[in-house]
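Report on the structure given below.
The values are calculated or read from the model by the stated rules, or taken from the named source; none is laboratory data. Since we're looking at a predicted model, the values are computed, not measured. Every residue, glycine among them, receives a Cβ derived from its backbone with ideal geometry; neighbour counts consider all protein chains shown. Areas reflect the complete protein model, heavy atoms only, side chains present, ligands, DNA and RNA absent. Shrake-Rupley method; radii C 1.70, N 1.55, O 1.52, S 1.80 Å.
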Amino acid sequence: ATVAVTFALMLLLRDALPGRDGYPRFNLLATRIGRWIASPLVLDTLRILSVALFGLVVVAGLIGNPSPFKNIAPTMVWIVWWVGIAYVSALIGDVWALINPLKILFIWAETAYRHLASGRELCRNRPYPAGLGAWPGVVLFLAFAWTELVWEGGEVPFTLSLAIIAYSLITWTGMVIFGRECWLRHGETFTFVFAILARFAPLEIRTTDPGRCAACSAGPCHGSHEGCVNCYA
């Protein structure tokens, strides 16, 4: 009933809605608290906490209590992370783009490799096959859905940690071969799943600095003449 009524309302309001650039929006960076949240100190703190929590979940699954009711891993993965981040993304914005531990760990590895290898890059930046599109991420999402809904090992802490490690290795391998941002756009399932949910959020981040957009590691910004919208890179 909710879906049917929603479609009916959208049909009735279709002609009354403003144009593409006139949708209701609130730029978080236009507020003092938004700029504070986006400050390097706050973001670095959140990233460190994200990586620490990621490590805790993996270690707890590997060596912690084998009971899913007495281990933090299943609750953190299926309730706090999967359900929680989905709701936060839809209500606030794409927080996963900022706290993705796999992305953060790879950035740290890139920085360390650059210093140890005299400026050489960790990523090989091979050309990504255009025909693949986002299919790698789609296949991985189907595997994730099967893990959540069908696989009995999904609730066992040890096997759940092994699945997390396997997905992490796939993600980091894709980043090494094709480049970090390229694989995030095409193969890191949750980067674009949470990004799609974040499109429902009333908040956005917007920058009108053309120099910042030109130097963006994620490539050309997708936005209007008013600036780059929700380009978290």
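Looking at (1) at pLDDT 95 or above; (2) of a type in the set (Gly, Ala, Ser); (3) under 30 Å from residue 69 (Cα atoms), which is the only condition residue 174 fails?
That leaves (3) as the condition not met.
Residues checked against (1) of a type outside the set (Ser, Thr, Tyr); (2) loosely packed, with under 13 Cβ neighbours inside 10 Å; (3) in a helix (DSSP H, G or I):
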site: 12; (1), (2), (3): yes, yes, yes
site: 45; (1), (2), (3): no, yes, yes
site: 54; (1), (2), (3): yes, no, yes
site: 80; (1), (2), (3): yes, no, yes
site: 86; (1), (2), (3): yes, no, yes
site: 90; (1), (2), (3): yes, no, yes
site: 93; (1), (2), (3): yes, no, no
site: 98; (1), (2), (3): yes, no, yes
site: 107; (1), (2), (3): yes, no, yes
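Can you name every residue in the range 139-162 that is without any contact (Cβ under 8 Å) to a residue 12 or more places away in the chain and either farther than 19 Å from residue 62 by Cβ or touching a Lys or Arg at 6+ places or on another chain (Cβ under 8 Å) (or both)?
139, 142, 143, 145, 146, 149, 150
Would you pick out the residues in the range 79-113 that are more than 16 Å from the chain's Cα centre (by Cα) and either more than 30 Å from residue 177 (Cβ to Cβ) or among the charged types (D, E, K, R) (or both)?
Scanning the range 79-113 gives 79, 110.
Counting only residues that are surrounded by fewer than 15 Cβ atoms within 10 Å (Cβ to Cβ) and without any contact (Cβ under 8 Å) to a residue 24 or more places away in the chain, which one in the range 163-172 is nearest to residue 73 (Cα to Cα)?
Checked the range 163-172; the qualifying residue nearest to residue 73 (Cα to Cα) is 166.
Report, ordered by the first and then the second residue, all pairs with beta carbons closer than 8 Å, sequence separation of six or more or different chains, a first member in the range 107-132 that is without any contact (Cβ under 8 Å) to a residue 12 or more places away in the chain, and a second member that is open to solvent by less than 100 Å² (accessible area, probe 1.4 Å) and assigned to a loop (DSSP other than H, G, I, E, B).
Short answer, once both residue conditions are applied: 113/121; 113/122; 114/121; 114/122.
Among the residues of the range 61-77, how many are touching a Pro at 6+ places or on another chain (Cβ under 7 Å) and open to solvent by less than 30 Å² (accessible area, probe 1.4 Å)?
Qualifying residue count, the range 61-77: 4.
Please specify each residue of the range 28-43 satisfying the condition of being farther than 16 Å from residue 92 by Cα and open to solvent by 50 Å² or more (accessible area, probe 1.4 Å).
Correct list: 32, 40, 41.
Filtering the range 122-137 down to residues that are outside any helix (DSSP H, G or I) and not hydrophobic (A, V, I, L, M, F, W, C), which residue is least open to solvent (accessible area, probe 1.4 Å)?
Only one residue tops the list, namely 133.
Considering every residue within the range 81-96, establish whether at least one is of a type outside the set (Asp, Glu) and farther than 20 Å from residue 197 by Cα.
No, that holds for no residue.
Hey, among 165, 177, 170, which residue is in a helix (DSSP H, G or I), touching a Lys or Arg at 6+ places or on another chain (Cβ under 6 Å) and farther than 30 Å from residue 41 by Cβ?
Result: 177 is the single residue among 165, 177, 170 that is in a helix (DSSP H, G or I), touching a Lys or Arg at 6+ places or on another chain (Cβ under 6 Å) and farther than 30 Å from residue 41 by Cβ.
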